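Let me begin by presenting the structure, written as structure tokens, before commenting on it.
Bear in mind that the values in this text are calculations on the coordinates, not laboratory data. Predicted model, so just to flag it, every value in this text is computed and none were measured. Every residue, glycine as well, gets a Cβ built from its backbone with ideal geometry; the counts of neighbours run over all protein chains shown.
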Amino acid sequence: MNIRIFESEREVDLAAAQYVAGRINEKPDMVLGLPTGGTPEGMYANLAKMVAEKKVSFKTVTTFNLDEYAYYDGTEPQSYRVFMKDRLFDHIDIPNTSYHLPSLPKGRDAQACCLDYENAIKAAGGIDLMVLGMGGNGHIGFNEPGTPFGIGVHKTELTEKTRSDNSRFFASEADVPTAAITMGIGSIMRCRSIIMLVKGAAKADVLAMALSGPVTQAIPASVLQLHPFITVFADSAAAAGLAARR
Ligand code: F6R
């Protein structure tokens, strides 16, 4: 595991964007996994700028997002589809048939929707580079503590901690959905390479546990210690607990 520590969140944003752009320039038809949330917003802004400056192109890139709220059809303002269009897809040159998000609309069978998404990733040849954020409880995607490591795309209930963390994107916590469809830890571990971005002092303790503690389902991100090609991009606030634990 590589760990890159930066002074500020802005440096993480820029370094992560440069890394992703570099990987796309090496393999222009790459398959890229993407997260939503506050953490990658700065990286997305930098990538949009790099596309405008013709330093990178997404014309032949295929993307798969990690997750989406259950029973959303992707038009809701808080849906991850709208988030991704607002933050990235509408500002880059990716064809609108080349980006994908899981979807579990009302009335559809959950297992069939999960299988469809798993199969779409397989048909694209698997994910070359997955970009992850990490939740305040160590979740990756919406794989909450206790999720079995081998699991593929699945429907999951969100913990109170995650619903409260995400309530900043909603009018009130009661409006935050209670379930989601997400790539599983098995799906994430099958990605050929991974970068995980972590920012802010609030995640310092859980990051230290994830990277230097035991590999345990209680801290889902700890499974990444077992991945052969992972780099963590952290700002110094998020990395504060690492030296202490090493
Ligand atoms: C979102 C996702 C989540 C977030 C995590 C951190 O697609 O997969 O695991 O990465 O909840 O969220 P932020 O970045 O908002 O702290």
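Tabulated data for the structure shown
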read-out: Net lengthening on full extension, Thr75/Asn25 (0.36 nm per residue, minus Cα-Cα); value: 14.8 nm
read-out: Debye log10 I(q)/I(0) for the chain, one point scatterer per Cα, at q = 0.08, 0.12, 0.13, 0.16 Å⁻¹; value: -0.27, -0.64, -0.76, -1.22
read-out: Dimensionless Rg ratio for the stretch 119-203, taking C-alpha atoms and the 2.2 N^0.38 Å reference; value: 1.16
read-out: Under 13 Å from the Asp175 label point (7 Å along Cα→beta-carbon), backbone N, the stretch 78-92; value: 78-79
read-out: Neighbour net charge for Phe169 - beta-carbon separation under 13 angstrom, K R +1, D E -1; value: -3
read-out: Under 29 Å from the Cα of Lys155 - lysines, other chains or at least 8 residues apart; value: Lys85, Lys106, Lys122, Lys199, Lys203
read-out: Rounded to whole Hz, the Karplus (6.51, -1.76, 1.60) HN-Hα couplings of the stretch 15-26, x for glycine and proline; value: 5, 5, 5, 5, 5, 4, 4, x, 5, 5, 5, 6
read-out: Kirkwood-type radius of the stretch 1-110, with distances r between different C-alpha atoms, in Å; value: 14.8 Å
read-out: Fraction of beta bridges assigned by DSSP in the chain that are antiparallel (%, nearest 5); value: 25 percent
